[in-house]
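Only one structure is covered here, and it is reproduced in the block below.
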Amino acid sequence: MAEQSGPGVEHVLCHVCGGQVTSFLDLGRQPLSDCFLAPGATEDEYFYRLAVGVCGSCTMVQLIEPVDREKMFHEDYPYYSSGSSVMRSHFEDTARRLLEHTATRTDPFVVEIGCNDGVMLRTIHDAGVRHLGFEPSGKVAQAARDKGLRVSTEFFEERTAVQVRSTEGPADVVYAANTICHIPYIESIFRGIDALLGEHGVFVFEDPYLGDIVEKTSFDQIYDEHFFFFTARSVQAMAAAFGFELVDVERLPVHGGELRYTIARAGKREPDAAVARLIDEERVRGLADPIVLRDFADRVERVRADLRTVLHDLRDQGRSVVAYGATAKSATVANFCGIGPELVSYVCDTTPAKQGRVTPGTHIPVRPVEAFRDSYPDYALLFAWNHAEEIMRKEQGFRGAGGRWILYVPHVHVV
Ligand code: SAM
Ligand code: TMP
Ligand code: ZN
């Protein structure tokens, strides 16, 4: 139980360094963000408390209360990474770069944590390179196996990493996208990396960047699955805490702004100048400063108020409003802002596993995108704003028919 000190402020222990984490934003009672329910089966829905804080010692921003991993990642986990053409080419490019620059030894071995439906590993496999994906969510893991990939359905952690090392030998690269930030048991991850990685191997991972979240007020990046919100500075501290070193950082435009971190064993590789440069920039921006983070929290409240006003006004004017993209992120927005079927009649989404179900907590029906194209609404709330370019390109007919998009990043606006 978190200790209270002052109105609304809580302190818990940091999952990286054991220092004191102080909360700066409370998003209230929230459902599991990827738990899409059958319409008649919403009674026993699971809720948890979503609040976020910053560690006063290592600067890591993290959730105040973790959710059990088995509640989030299981047989029916409905997120399929290959659903976006932009992400497919992002991961093809990533795989090619790993093959060209990192997995260059004879008979290299590439391991991916959270390989999902194989969106990245398929290119490694097609190149004939030895690989193994860890993917505990059963159906998405099967989608990767259907592509011919080698997949373990165990969670990656120290125990499973040690097993792989003993049977397969050292890995040249351990890669993860949008997965390390999901893992509160981070010490076990680094112990596993230590067991598995060859002496000169690298651990490369990419996740949403706190710098982008603060700049864009994209508070919807905060939900059960996103436990950590990384910066170059906090990842540098985390790597050092476990005997590793941050040796490179690269900004990525995907998912609303991410950072890719390259981590090596301490002292094995000269850090690129980009690391010190970005850490300096983060210091100037005050990304670990409670005042800056509380200002972010104030802007979140403003977005909530503005979005509610727009949606209530449209309803009062009798306009039709739907949402586009039943993203995990949108669970935070819908539940925090009180957006249910009375304001947004349905959410369209291309994922068969989400269609015919209702959204977590707010119970908005999820329909195939054909429902949207068959009869355009007046307004569409773009929950999948991180895929805006791809979606707006393929949905030009909506604007052509007079439809308007409602966006809430970086502030509420209609285009
Ligand atoms: N890498 C893909 C991408 O970027 O699109 C998938 C990201 S998805 C948001 C996170 C994935 O990590 C899920 O498929 C989940 O099952 C998996 N995952 C969570 N914890 C894990 C762990 N300890 N080991 C391996 N995979 C894990
Ligand atoms: P993400 O933001 O976590 O990647 O989730 C995107 C969601 O939006 C996912 O459920 C798939 C859906 N989607 C569409 O419905 N149409 C699209 O064109 C894209 C790119 C995603
Ligand atoms: Zn800490």
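For the pairs K71/K139; K216/K354; K147/K354; K329/K394; K71/K216; K139/K394, flag any whose C-alpha to C-alpha distance is greater than 24 Å. Over 24 Å Cα-Cα: K216/K354; K71/K216; K139/K394.
What shape does region 66-196 have by the C-alpha gyration tensor, where a ≥ b ≥ c are the square roots of the eigenvalues, rounded means a/c under 1.5, and otherwise prolate means a/b greater than b/c and oblate the rest?
Working: a/c = 1.63, a/b = 1.08, b/c = 1.50.
In terms of gyration-tensor shape, oblate.
Of the DSSP beta bridges with both residues in region 81-291, give the percent that are antiparallel, rounding to the nearest 5.
Details: 14 of 32 bridges.
Antiparallel bridges: around 45 percent, rounded to the nearest 5.
Using a 7 Å offset from Cα along Cα-Cβ at T351, what residues in region 121-146 end up with backbone N under 19 Å from the label point? Zone members listed by number: 121, 134-146.
Estimated at the nearest 10 Å², the accessible area of T153 is 60 Å² with a 1.4 Å probe.
When DSSP beta bridges are restricted to pairs lying wholly in the chain, around 55% turn out antiparallel.
Three principal axis extents of region 144-228 based on alpha-carbon atoms, in descending order, are 45, 32, 20 Å. Note on E75/V284: beta-carbon distance plugged into 1/(1 + (r/R0)^6) with R0 of 60 Å gives a FRET efficiency of 0.85.
Distance between the pseudo-spin-label points of E342 and R29 (7 Å out from Cα toward the beta carbon): 1.7 nm.
Quick one: if the Förster radius is 35 Å, what FRET efficiency do Q142 and E389 give, using the C-beta to C-beta distance and rounding to 0.05?
Working: r = 31 Å, r/R0 = 0.87.
My answer for the efficiency is 0.70.
Here each label is just a point 7 Å from Cα along the line to Cβ, and for H11 and D316 those points are 4.5 nm apart. Averaging the Cα positions of each part gives two centres, and for region 303-365 and region 89-104 these lie 37 Å apart. Simple rule: put +1 on each Lys or Arg Cβ and -1 on each Asp or Glu Cβ in region 81-291, find the dipole, and look at V162, M238, P253; the Cα lying farthest toward the positive end is V162. Per-residue packing, averaged as other Cβ atoms within 10 Å, sorts the ranges 205-215, 29-39 into the order 205-215, 29-39, beginning with the highest. Proximity of backbone amide H atoms, modeled 1.01 Å from N, is registered between Y175 and V111, E112, I113, V204 at under 5 Å, excluding neighbours fewer than 5 places apart on the same chain. The share of Cα pairs per 10 Å bin across region 81-291, counted from zero up to the longest distance, runs 8, 35, 39, 15, 2, 0 percent. Between region 173-223 and region 263-290, how far is it from one alpha carbon centroid to the other, in angstrom? One Cα centre to the other: 15 Å.
For the residues D172, D146, D306, a GNM of the chain with alpha-carbon springs under 10 Å puts the largest fluctuation on D146.
Reachable aspartates and glutamates from K268, Cα under 14 Å, same-chain residues fewer than 8 places away excluded? Filter leaves D172, D194, E199, E245, D248.
Accessible area per residue was computed with a 1.4 Å probe on protein heavy atoms; H411 scores about 100 Å². Relative to the 2.2 N^0.38 Å rule of thumb, region 243-310 has a C-alpha radius of gyration ratio of 1.55.
Relative intensity of region 104-163 on a log10 scale, I(q)/I(0) at q = 0.20, 0.24, 0.30 Å⁻¹, equals -0.68, -0.92, -1.22, per a Debye sum over C-alpha point scatterers of equal strength in the absence of solvent. Across region 1-98, Cα-Cα distances exceeding 25 Å account for 45% of all pairs.
Per-residue Karplus couplings for region 21-26, computed as 6.51 cos²θ - 1.76 cosθ + 1.60 with θ equal to phi - 60°, are listed in order as 9, 10, 5, 10, 8, 10 Hz, Gly and Pro entered as x. With all pairs of different C-alpha atoms in the average, the Kirkwood value for the hydrodynamic radius of the chain is 22.1 Å. Rounded to two decimals, the Cα-based Rg/Rh of region 318-415, with Kirkwood Rh, is 0.92.
The values are calculated or read from the model by the stated rules, or taken from the named source; none is laboratory data. Everything numeric here is computed off the predicted structure, so don't read it as measured data. Note that each Cβ is placed from the backbone with ideal geometry, even for glycine, and that neighbours are counted across all protein chains shown. Surface accessibility is based on the protein's heavy atoms, side chains included, excluding ligands, DNA and RNA. Shrake-Rupley method; radii C 1.70, N 1.55, O 1.52, S 1.80 Å.
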